[in-house]
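Heads up, the thing below is written out as structure tokens.
The values are calculated or read from the model by the stated rules, or taken from the named source; none is laboratory data. Fair warning: this is a prediction, and the values are worked out from it, not measured in the lab. Cβ placement follows ideal geometry from the backbone for every residue including glycine, while neighbour counts extend to all protein chains displayed. Side chains included, ligands, DNA and RNA excluded: accessible areas come from the protein's heavy atoms. Shrake-Rupley method; radii C 1.70, N 1.55, O 1.52, S 1.80 Å.
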Amino acid sequence: MARYVELAFNIPLNQTFTYLLPEETEVPEAGLIGCRAEASFGRKKLTGWIMAERDSLPEGLDSSKVKALTRLVDSQPLFDHDYGDFARWLAHFYLCSPGEALSAMLPGGRREKELPAMGIEDDPGIHAAVTLTADQDRAVGTITREKGPYFYLQGPTGSGKTEVFLQCAERVIDRGEGVIYLVPEIALTHQMVDSLRQRFKGSMALLHSHLTPSQRLKEWNRIRKGEARFVLGARSAVFAPLEKLGLIILDEEHEGSYKAGSTPRYHARQVAMYRCRKAGARLIMGSATPSLEAWHGMEEGAIVPVKLTERVGGGEFPRIRLVDMRKEKSLFSEELIREITRVTGEGNQVILFLNRRGFSYNYACHSCGYEMVCRNCSIPMTYHKNKGGMVCHYCGYKAPPPGACPDCGSLDAGWSGFGTEQVEEEMIRLFPQLKTVRLDRDSTGKKGAGKKVIEQFRKGEFHVLLGTQMVAKGLNFPKVKLVGIVLADTTLNMPDFRAPERTFALITQVSGRAGRYSAGGEVLIQTYRPEADALALAASYDQETFYRRERESRLMFAFPPANRIYRLVFRSRKEADAQRACEKAAAMMEHAGEKDLLGPSECPLAVVANNHRWHLIIRSDQFNQTHDRIAWCRDTIDLPSSVYMEIDVDPQSIM
Ligand code: ADP
Ligand code: ZN
Ligand code: ZN
């Protein structure tokens, strides 16, 4: 009797394909599901994953049309039936094909992007066994005792969250279950890996993007066989094939790198929640600055909050002061100049931050701090010099730039923007006697250059370290007594509804680290909008009020966590095609009953690698319906072959 298999390919067609299993095939003892197989597809030969076996053909498919597999690649499956269900869930949730889902989940399925070498070393990790503090002990107790299944360990840097995670992990492993410990890619330092290896010995597996495909496969099989029960890794380790999953730890939950940047654009938190629910396992998220979504989950009772308030080794939080730039004439306020002089005069060091990424043109009033926002979305509008006007990057709304400030009438308003290079120049002009070093993506072309700069700074070879987020690692050094944020507005005015949240987190994280080892630390924040909640409440360490107000303003404009958002991007070498496709999708979604569409409009990054990009953003409070409508749109829209459609569920960025 003929036997068939269903193959999933890594192509954007939302289905599996039926092939005949050649009679002479040696079927693995564990079955065919989860094995890779080669087959001809159109004129190409593709490798796919076997998702199902069958004894008969699906209805309507003629046996003369069915081709045979050319080769079975694996002699042992990479996953089992349950894992196939997991892939189907991922494909459903993130609106991709099952093959695209599997390619992100399995080793060697997806070509990994080249990432910078492992991060700069942090402070030494845990070595000897420690006695938990009362705070930590209570946290472990709550997490083991209560049902959960979702927990959030919130506590400032240095409050000993890691030790709580690890003690919970040890208990789970002692019960014979498995643990996945997720960290942002940048946090995976050699030191961290070494100290965890000492602790978990041979039962640890490491999954990260620098492994070769065969190394990954080897780790994968160790996990599948149950040899490794403690899996450490970045985002994609959330797919580790543990048979008896007991716990997932998601450290630094607020980090943007937990969201995948290509199809399927999954969020590790979402996937972890699904897995834990399915497996009856627990999820512990942790951070000093939870995402607003997670905070909302705690408020609603869906996530159990667990707090650490004290720093293990003591240490004071630095004083945070806002400097009102409306009264200043140069990039460096008088106050910042005074403090740099004082701190370096006392033989200590300074770190200057400027979070200048991508967009440089904010329209703002330098007299009153007014900032132009879109009337539909309340997102800061971006000045486009070449178009001579203001544009909203969410909905495409356009407006001429006001001649004078609409709020106070001042003529000292307009677009402004400067980057780290300009700050460096100014720094050298003001302080020729100080040794300043700049650290950002432009200054660290070579691998390891950043690490070297930080090392030199640690040794005291420079007075001032100036740069983008990359300098954050230097914040732990005892000689750093002053951290200056050169212009907080660059983060705050990003055309993104999460800009205030990110600004608040940035300041909280910066000050959390700055005071960790050094008493009498200072944080100075320069801004044109000192009254903005994200700044004022961060400076007064008032997290609760910030989250509460931020949620309210999100509610008002129907952004998450009140709603879900979806983003459809259409890209093509031909701009007219991208635009037309986007308009077509908008019409279809509207016709299907979707009410809250933003756009179609050009993406903020309108051209990437010669591809023109248009997008449509959908806000929805009816998740299932919107989801089905997008799936319907994707499956039925008639697109020219020049157009590629990307779907992003819960986008973290709309660039
Ligand atoms: P967090 O993850 O909250 O930022 P860490 O886990 O890095 O904090 O803890 C800060 C420091 O305190 C680390 O060096 C860690 O080794 C140490 N530490 C944590 N818990 C204890 C404890 N119970 N006793 C002694 N030292 C501890
Ligand atoms: Zn004004
Ligand atoms: Zn808008």
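Key figures
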item: Burial ranking of peptide ranges 69-77, 290-298 (average Cβ count within 10 Å, highest at the top); result: 290-298, 69-77
item: Among the listed pairs Lys398/Lys595; Lys459/Lys481; Lys327/Lys398; Lys161/Lys201, those beyond 24 Å (Cα-Cα); result: Lys327/Lys398
item: Cα extents of segment 450-561 along the three principal axes, largest first (Å); result: 50, 27, 25
item: Degrees between helix 268-279 axis and first principal axis of the chain (Cα, 0 to 90, nearest 10); result: 50 degrees
item: Heavy-atom accessible surface of the chain: percent carbon and sulfur, 1.4 Å; result: 49 percent
item: Built amide H within the under 5 Å cut-off of Leu245, gap 5+; result: Gly178
item: Space enclosed by the convex hull of the alpha-carbon atoms of the chain, per residue, Å³; result: 165 Å³
item: Distribution of pairwise C-alpha distances over segment 192-271, 10 Å bins, in %; result: 17, 49, 32, 2
item: Computed FRET value (nearest 0.05) for Asp638 with Glu146, which takes r as the C-beta separation and R₀ as 56 Å; result: 0.60
item: Cα gyration tensor, segment 4-105 - rounded (a/c under 1.5), prolate or oblate; result: oblate
item: Contour excess over end-to-end distance, with Cα ends at Thr341 and Asn610 and 0.36 nm allotted per residue; result: 92.1 nm
item: Pairwise FRET efficiency - Ala558 versus Ala68, Cβ, R0 = 56 Å, nearest 0.05; result: 0.60
item: Amide H partners (placed H, <5 Å) of Ile485, local residues excluded; result: Phe353, Leu524, Ile525, Gln526
item: Cα centre as origin, Lys/Arg/Asp/Glu Cβ charges: the chain dipole, Debye; result: 960 debye
item: Relative contact order %, segment 4-105, counting alpha carbon pairs below 8 Å whose residues are six or more apart; result: 38 percent
item: Counted charge near Thr309, where neighbours are those whose Cβ lies closer than 14 Å (Asp, Glu -1; Lys, Arg +1); result: -1
item: Cβ-derived FRET efficiency at R0 45 Å, Arg138 paired with Arg54, nearest 0.05; result: 0.25
item: About the Cα centre, charge dipole magnitude for segment 4-105 (Lys/Arg +1, Asp/Glu -1 at Cβ), debye; result: 600 debye
item: Residue-wise HN-Hα coupling along segment 47-57, computed from phi with Karplus coefficients 6.51, -1.76, 1.60 (Hz; x: Gly, Pro); result: 9, x, 10, 7, 9, 7, 10, 8, 8, 9, 7
item: Rg and Dmax [Cα atoms of segment 134-307; Å; Rg one decimal, Dmax integer]; result: 15.0, 45
item: Burial order of peptide ranges 553-563, 178-188 (average beta-carbon count within 10 Å, highest first); result: 178-188, 553-563
item: Nonlocal amide H pairs with Val373, under 5 Å, H built at 1.01 Å; result: Met381
item: Degrees separating the helix 499-514 axis from the principal Cα axis of the chain, which is the longest one; result: 70 degrees
item: Estimated dipole of segment 134-307 in Debye, rounded to 20 [Cβ of Lys and Arg +1, of Asp and Glu -1, Cα centre]; result: 720 debye
item: Burial ranking of peptide ranges 197-205, 636-644 (average Cβ count within 10 Å, highest at the top); result: 197-205, 636-644
item: Karplus-derived HN-Hα couplings along segment 164-174 (A = 6.51, B = -1.76, C = 1.60, θ = phi - 60°), whole Hz, x at Gly and Pro; result: 5, 3, 5, 5, 5, 4, 4, 4, 5, 5, 4
item: The chain, accessible area per residue, ligands and nucleic acids excluded (1.4 Å, Å²); result: 44 Å²
item: Accessible area of Leu57 in the full protein assembly, 1.4 Å probe (Å², nearest 10); result: 40 Å²
item: Rounded to 10°, Cα long-axis angle of helix 543-556 versus longest principal axis of the chain; result: 60 degrees
